[in-house]
Amino acid sequence: MAASLSLHHIVIDAHDLPGLARFWSAVLGWPVLSEREREVVVGPDLASPLGLCFMPVPDGERKSLKNRLHFDLSPGPGATPEEREAEIERVLALGARRVDVGQTGEESWTVLADPEGNEFCVVRPKRDLVS
């Protein structure tokens, strides 16, 4: 039988671990499950197969390029365009900001950055992983 791996944590390097963890906790509606000096974990619950883990980035190291990996967040399959915009405004009020990574203005997503500059997108409502 072939080995099988599954995602456990998506690790995000951070300067302010608790602050960035609280931001993502509020964005996703997930609780902070564990908070230690060098690791903060956020997830749906302790038994969830996947969570976010915030780890310290070396002092002085700053993000300078577009992310090679980012989150696409969906407002849910039945969301209206107005509900999607309301979610974008909610996330902006939590500390996100709009960013330009070369969009044309015709995209079906909005690019934002978290308080430490990590880009993510709020996409149109999705029914499944590919549509």
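The values are calculated or read from the model by the stated rules, or taken from the named source; none is laboratory data. Predicted, not measured: the structure shown is a model, and the values here were computed from it. Note that we place each Cβ from the backbone using ideal geometry, even for glycine, and neighbour counts take in every protein chain shown.
General remarks:
- Candidates are the residues of segment 75-109 that are at pLDDT 95 or above and touching a helix residue (DSSP H, G or I) at 6+ places or on another chain (Cβ under 8 Å); the one that is farthest from A21 (Cα to Cα) is R98.
- Matching residues in segment 50-96 - criterion: being part of a strand (DSSP E or B) and surrounded by 12 or more Cβ atoms within 10 Å (Cβ to Cβ): G51, L52, C53, F54, M55, P56, F71, L73
- Flag for G43 being at pLDDT 95 or above and either within 25 Å of S131 (Cα to Cα) or not charged (D, E, K, R) (or both): yes
- Residue in segment 1-17 that is farthest from R62 (Cα to Cα), counting only those that are exposed (fewer than 15 other Cβ atoms within 10 Å of the Cβ) and free of Cβ contacts under 8 Å to residues at least 40 places away in the same chain: M1
- Residue within segment 76-96 that is over 15 Å from N118 (Cα atoms) and touching a Ser or Thr at 6+ places or on another chain (Cβ under 6 Å) present: yes
- Taken over segment 104-131, the criterion of being without any contact (Cβ under 8 Å) to a residue 40 or more places away in the chain, surrounded by 13 or more Cβ atoms within 10 Å (Cβ to Cβ) and not aromatic (F, W, Y) is satisfied by T110, V111, L112, A113.
- Test: residue in segment 106-119 that is of a type in the set (G, A, S) and out of contact with any strand residue (DSSP E or B) (no Cβ under 8 Å at 6 or more places or on another chain): yes
- The condition of being within 24 Å of C121 (Cβ to Cβ), free of Cβ contacts under 8 Å to residues at least 12 places away in the same chain and not hydrophobic (A, V, I, L, M, F, W, C) holds for G29.
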